[in-house]
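One structure is given below, encoded as structure tokens.
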Amino acid sequence: MSNTFTARTVRKTFRRLVPGLKLALALFGVGILVGLLVPSAFSSALQRILALGHTLDGFSYFRTVSFIWFRNVLTTFVQALLGTFFGLLPGIASFYNGGIVGSAFRSAGSESAPALILALAPHGLFELPAAFLAWALGFWCASALSHSRRSRILPRRLSRSVTMLLVFVVPLLLVAALLEARS
């Protein structure tokens, strides 16, 4: 794989990410099911998110956007680039985030579910694709470990992953933070 970042290399990279995207979607879906069936398993995470929301209420719009964006960028970079530990971090993150979503819907109840969807949808339309891309990049980097030329393949994949994160994930997370800070 060349180090040049062109439309062709982007297409190639996205094609190579498909198995990781499928795995991330599957783990996210299983997490949603577990969250719906056993919401108490994710209740402490839900409480931390709500507490963080209350903390951010006192921040200015710019400070809130900056906080959310920086936190999400840091999280996605860690999940993508530390996926080299056999894909554990992106796997856990995709399952855990799905569990939080499932738990939130179960906790909201059937009457509040449409309101919850409307509240999450604007920034979720940007944040979820960014997260799935980061998780897929993490799985892709992890798969380099099983390659016979891993010492040559892994640095290339890490380099390409950083580029993909900067070009696609960071802007998506900025839009998500701008929308989330308004809600």
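Values in this text are rule-based calculations from the coordinates and carry no lab data. What you are looking at is a predicted structure, and each value in this text was computed from that prediction instead of being measured. Glycine also receives a Cβ, built like all others from the backbone with ideal geometry; neighbour counts cover every protein chain displayed.
Rounded to the nearest Hz, the phi-derived 3J(HN,Hα) couplings of the range 124-131 under the Karplus curve 6.51 cos²θ - 1.76 cosθ + 1.60 (θ = phi - 60°) are x, 4, 9, 6, 5, x, 5, 5, where x marks glycine and proline. In this rough spin-label picture, where each label sits 7 Å from Cα along the Cβ direction, the THR9-LEU52 distance is 3.3 nm. Across the range 22-29, rounded Karplus estimates of 3J(HN,Hα) from the backbone phi angles (6.51 cos²θ - 1.76 cosθ + 1.60, θ = phi - 60°) give 4, 5, 4, 4, 5, 5, 4, x Hz, Gly and Pro being marked x. Per-residue Cβ neighbour counts within 10 Å put ARG63, ARG157 in the sequence ARG63, ARG157, beginning with the fewest. In the chain, the longest principal axis of the Cα atoms and the axis of helix 61-81 are about 40 degrees apart. Mind running the shape call on the range 11-142? Use the C-alpha gyration tensor, a ≥ b ≥ c as the square roots of the eigenvalues: rounded below 1.5 for a/c, prolate if a/b tops b/c, oblate otherwise. Oblate, since a/c reaches 1.5 and b/c is not below a/b. Say the dipole of the chain comes from +1 at the beta carbon of Lys and Arg and -1 at that of Asp and Glu; which of HIS147, GLY102, ALA115 then lies farthest toward its positive end? With unit charges placed on the Cβ atoms, the residue in question is HIS147. Relative to the longest principal axis of the Cα atoms of the chain, helix 43-56 runs at roughly 80 degrees.
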